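What follows is a set of notes on a single structure, which appears directly below.
The values are calculated or read from the model by the stated rules, or taken from the named source; none is laboratory data. Remember, it's a predicted structure, so these values are computed and weren't measured experimentally. When we count neighbours, we look across all protein chains shown, and the Cβ atoms used for this are built from the backbone with ideal geometry, even at glycine.
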Amino acid sequence: MKAIRTALFSAITGGLLAAQVASAQSLTVVAFGGASQEAQRTVFFKPFSATSGNQIVEDSYNGGLAKVKAMVDSNSVTWDVLQVEDPDLLRGCESGLFEKMDWNKLGDKGQYIESTISECGMGHIIWSNVIAYNRDSLKTGPKNWQDFWDVNKYPGKRGLRKGAKGNLEFALLADGVKPDEVYSLLETEEGVNRAFAKLDELKPYIQWWEAGAQPPEWLASGDVVMTTAYNGRITNANKEGKNFQVVWDGQLYSVDSWAVIKGSKNKDKAFDFIAYASSAKVASQYPAHIPYGVAHKEATQAIPEKIAKDLPTYPDNLKNALREDTAFWVDYQDELNERFNAWVAR
Amino acid sequence: MTSLSTNVELQGLTEEKSLKSKLRRSQRKQKFKAICLVAPLFLFVLGVFVTPICIMLFKSIDNPEVHKNWPETTAILSDWKGTELPPASFYLALSKDLRNSSENKTLSAAAKRINFERSGMRSVITRTARNLNKTPLESAEKEAGKLLESHKRWGELATWQAIKRSSSPYTSLYLLNAIDLTLDNDGSIAKVSEDQAIYLNIFGRTLWISLVVTLSCLVIGYPLAYLLATAKASLANMLMIGVLLPFWTSLLVRTSAWVVLLQKNGLINDMLISMKLIDEPLVLLFNRPGVYLALIHLLLPFMILSLYSVMKSISPAYMRAAISLGARPSLAFVKVYMPQTLPGVAAGGLLCFILSIGYYITPALIGSPQDQMISYFIAYYTNQVINWGMAAALGVVLLVCCALLFAIYNRLANKHDLKMG
């Protein structure tokens, strides 16, 4: 009896100690799930674990800073590295939610595209919001945002990402505003009213999505006739046999960065991971798995033409493109989202 | 003779008195024992349930962002009447606070709070701070000049009034917003503009959906519970498993299953089309009927089990007696059986209603934005906007609604002797 008890006791303590050691060694990386996280797993997470011996624990989320703020405020930070959208990066940096980038580990700033690096963030991908439709259901699809809004020519439901960001720009583009005038117009009351009025026209036909995996699902099941989507998810669905078409006219592209959460217990390993993932050799492999641009200048040059034509930054695709204005969204996100919520709940 | 009888009487009285005090003492002991048994659970509930709720209620009036991070501005505004534009010293205090808080990374918190008070202030504050940080701190007049140059709003009375209101330690703005009211520039209560007034509507929608779901559960669950209570043991056991099995499945799994069933090319539409009952697929998802369907499915076991437990304890002798006294079976059911099941109806109804009011995930996955209930907005303010004051305020209003409804129910229950205890 005593022997059994001691054996049990030592087994439990041994197990707990092992768990402690394991958790202290593993790095938690959080991304947006779905096809893009699968690509990240293949190109970054598994090779990094293999070469450095640090285990990576994955998690996913749909954007936003709430969980990060809760973690930092309550001093129980369980996430280490986070893939974060541009406005959230700027906001988080201003509010002290992210660690400052350690350039000793990341190397020379000059090797990265200038607009992708910042105080608290290391550029990870350049991605885009595009129109997508199923060529099997629509023989001739929409060519631009005016077509997206045209319910007579293309009857059926449309998918839009739930939130003000992106949709206000698209509404103005559909209303005939030129891309370089969109943000100056949105800073005025009349501009915002105009965008919401245009959205009102489309409202009965809209189905709202929140997770990046939903638009390709809905296109496949026929729930929507066309939708906005992250461009990489659509191209990757085509790799799996679907027949979707990406419309690049009027694309809204932005940069997602890696950030390290303030108070993370694995700060050094986090920066090691970011340095690894941003290095030219590793980063250049990413677009082959999912068509997003990368921040490393050399890596960008090295991408073969076949893959490059699906990237948001391919010169042909940049015609009539709009770069998401981070400063604008950081400042106006709160009130525009509040107005959007009130509008969408009616 | 009399002394003997009084003696006996006195003895009787003292005996009575000591008996009474003995009884009281033993009752006190019993009470003490009972309290000791309950104490651990009570402390647990107090710590894990009551305390967090009180903290949440407190968050709905707590207002720390501005008075903690901008101490000089708060101090200098405390005596300000708010009737005319402040002098240059105010601008100096504000400039110092802007510089300090942007260094401490607390600027955006204060800016966000003031933006909630007056729309558009966030961008004004962050841009002004960025401009100020490019120059060193100078005299009051110079700082005032810099602020006014950065943005014309610093010369408006409404801006300073908003900052003064945001800097008080407690605020009523969250609670007011939760019922579609707001504070005017001079601090009086006013209605929120038409396109922003959604919460009263949403509270009404939440209560209505819960009511419909509860009544539907009652109508569907009552016959099922009756069958369960009166059927043969073998049949009843099988039916009971049928009720409990979905109950044991995760809520999220059941909701996702409904998405698969109800979608455009889902099982229900496919079946109806193959049976040639309809030509075009029905729209059953992302609308109100889908939400009702899923919620009723989720809450039915609660209703059935509550009714079943009461129905099981009703002796069949009552019905037989009623019929033997000459009543038709239907009359006997209505007059004799149903009234005895009312406590079960009340318990099941209350349970379903209160559960349904709090439902978040099911309408979020199955409904359109016009079907979202109040819990969706509480989650939105907690998770996406990080405005915990607003989330707490909506929670407070919901709590008050439920408390009122429960008080009304209690009143009615007392009158009709429906108490659950």
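Restricting the stretch A:149-170 to residues that are more than 14 Å from every other protein chain (Cβ to nearest Cβ) and within 12 Å of A:Leu252 (Cα to Cα) leaves a set whose member that is modelled with the lowest pLDDT is A:Gly166. B:Ile268 passes every criterion in (1) surrounded by 11 or more Cβ atoms within 10 Å (Cβ to Cβ); (2) touching a residue at least 40 places away in the same chain (Cβ under 8 Å) apart from (2).
Within the stretch A:311-328, can one find any residue that is touching a Pro at 6+ places or on another chain (Cβ under 8 Å) and on the phi > 0 side of the Ramachandran plot? Yes, because at least one residue in the stretch A:311-328 is touching a Pro at 6+ places or on another chain (Cβ under 8 Å) and on the phi > 0 side of the Ramachandran plot. Of all the criteria given as (1) assigned to a loop (DSSP other than H, G, I, E, B); (2) at negative phi; (3) of a type outside the set (A, V, I, L, M, F, W, C), the one not satisfied by B:Gly348 is (1). If you go through the stretch B:180-208 and pick out every residue that is in contact (Cβ under 8 Å) with a residue 40 or more places away in the chain and within 15 Å of the chain's Cα centre (by Cα), you end up with 6. Of all residues in the stretch A:211-229, those that are free of Cβ contacts under 8 Å to residues at least 60 places away in the same chain have Cβ atoms under 7 Å from Cβ atoms of residues that are small (Gly, Ala, Ser), 6 or more apart or on another chain, in A:Trp218/A:Gly159.
In the stretch B:324-339, the residue that is modelled with the highest pLDDT out of those that are hydroxyl-bearing (Ser, Thr, Tyr) and farther than 21 Å from B:Ser313 by Cβ is B:Ser324.
Residues in the stretch A:178-197 that are assigned to a helix (DSSP H, G or I), in contact with a Phe, Trp or Tyr (Cβ under 8 Å, 6 or more places away or on another chain) and surrounded by fewer than 22 Cβ atoms within 10 Å (Cβ to Cβ): A:Tyr183, A:Phe196.
For the stretch B:69-84, which positions are free of Cβ contacts under 8 Å to residues at least 24 places away in the same chain, of a type outside the set (Val, Ile, Thr) and surrounded by 12 or more Cβ atoms within 10 Å (Cβ to Cβ)? B:Ala75, the sole residue that qualifies.
For the residues B:Leu200, B:Leu218, B:Leu211, the requirement of being farther than 19 Å from B:Ala364 by Cβ, of a type outside the set (Phe, Trp, Tyr) and within 14 Å of chain A (Cβ to nearest Cβ) singles out B:Leu200.
Yes or no, residue by residue, for (1) surrounded by 10 or more Cβ atoms within 10 Å (Cβ to Cβ); (2) under 30 Å from B:Leu173 (Cα atoms):
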| position | (1), (2) |
| --- | --- |
| B:Thr14 | yes, no |
| B:Lys22 | yes, no |
| B:Lys33 | yes, no |
| B:Cys36 | no, no |
| B:Ala39 | yes, no |
| B:Phe42 | yes, no |
| B:Val45 | yes, no |
| B:Phe58 | yes, yes |
| B:Glu65 | yes, yes |
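Summed over the stretch B:375-418, the residues that are without any contact (Cβ under 8 Å) to a residue 60 or more places away in the chain and part of a loop (DSSP other than H, G, I, E, B) give a count of 4. Listed by position, the helices (runs of 4 or more DSSP H) contained in the stretch B:85-196 that have at least 2 residues being more than 14 Å from every other protein chain (Cβ to nearest Cβ) and buried (at least 21 other Cβ atoms within 10 Å of the Cβ) are B:88-103, B:140-150, B:157-166. The residues listed here are A:Gly293, A:Gly263; of these, the one that is closer than 21 Å to A:Val29 by Cβ, within 14 Å of chain B (Cβ to nearest Cβ) and touching a residue at least 40 places away in the same chain (Cβ under 8 Å) is A:Gly263. If the condition is being over 23 Å from A:Glu119 (Cβ atoms), in a helix (DSSP H, G or I) and of a type outside the set (Ser, Thr, Tyr), then the stretch B:66-84 contributes B:Val66, B:His67, B:Lys68, B:Pro71, B:Glu72, B:Ala75, B:Ile76, B:Leu77. Residues that are surrounded by 20 or more Cβ atoms within 10 Å (Cβ to Cβ) number at least 1 in the following helices (runs of 4 or more DSSP H) confined to the stretch A:261-346: A:267-278, A:280-283, A:286-289, A:297-301, A:326-344. The residue list B:Ala364, B:Ala413, B:Ala391 contains one member that is closer than 30 Å to B:Val283 by Cα and of a type in the set (A, V, I, L, M), which is B:Ala364.
In this structure, does A:Asp256 turn out to be in a loop (DSSP other than H, G, I, E, B), away from chain B (no Cβ under 14 Å), at negative phi and touching a strand residue (DSSP E or B) at 6+ places or on another chain (Cβ under 8 Å)? Spelling it out, it is not the case that A:Asp256 is in a loop (DSSP other than H, G, I, E, B), away from chain B (no Cβ under 14 Å), at negative phi and touching a strand residue (DSSP E or B) at 6+ places or on another chain (Cβ under 8 Å).
Being free of Cβ contacts under 8 Å to residues at least 40 places away in the same chain, away from chain B (no Cβ under 14 Å) and more than 17 Å from the chain's Cα centre (by Cα) is a description that applies to A:Ala174. A:Gly123 versus (1) in contact with a His (Cβ under 9 Å, 6 or more places away or on another chain); (2) part of a loop (DSSP other than H, G, I, E, B); (3) not polar (S, T, N, Q): which is the lone unmet condition? Only one criterion in (1) in contact with a His (Cβ under 9 Å, 6 or more places away or on another chain); (2) part of a loop (DSSP other than H, G, I, E, B); (3) not polar (S, T, N, Q) is unmet by A:Gly123, namely (2). Residues considered: B:Leu228, B:Leu207, B:Leu173. Of these, the only one that is touching an Asp or Glu at 6+ places or on another chain (Cβ under 7 Å) and among the aliphatic types (A, V, I, L, M) is B:Leu173.
For the stretch B:351-374, the condition of being within 16 Å of the chain's Cα centre (by Cα), within 23 Å of B:Ile61 (Cα to Cα) and outside any loop (DSSP other than H, G, I, E, B) holds for at least one residue. Residue pairs whose Cβ atoms lie under 8 Å apart, separated by 6 or more positions or on different chains, with the first residue in the stretch A:52-75 and within 14 Å of chain B (Cβ to nearest Cβ) and within 25 Å of A:Ala213 (Cβ to Cβ) and the second part of a helix (DSSP H, G or I) and of a type in the set (S, T, N, Q), are A:Gly64/B:Asn383; A:Ala66/B:Thr382; A:Ala66/B:Asn383; A:Lys67/B:Asn383. Considered as a group, the residues in the stretch B:275-313 that are assigned to a loop (DSSP other than H, G, I, E, B) and in contact (Cβ under 8 Å) with a residue 40 or more places away in the chain include one that is farthest from the chain's Cα centre (by Cα), and that residue is B:Leu285.
Determine whether A:Lys153 is basic (Lys, Arg), assigned to a loop (DSSP other than H, G, I, E, B), surrounded by fewer than 21 Cβ atoms within 10 Å (Cβ to Cβ) and out of contact with any Lys or Arg (no Cβ under 7 Å at 6 or more places or on another chain). Yes: the conditions hold for A:Lys153. Taking the listed residues A:Val247, A:Val255, A:Val330, A:Val260, the one that is aliphatic (A, V, I, L, M), modelled with pLDDT of 90 or more, over 16 Å from A:Leu106 (Cα atoms) and touching a Lys or Arg at 6+ places or on another chain (Cβ under 7 Å) is A:Val247, with no other qualifying.
Say whether the condition of being within 13 Å of chain A (Cβ to nearest Cβ) and more than 30 Å from B:Ile114 (Cα to Cα) is met by at least one residue in the stretch B:226-235. No, the stretch B:226-235 contains no residue that is within 13 Å of chain A (Cβ to nearest Cβ) and more than 30 Å from B:Ile114 (Cα to Cα).
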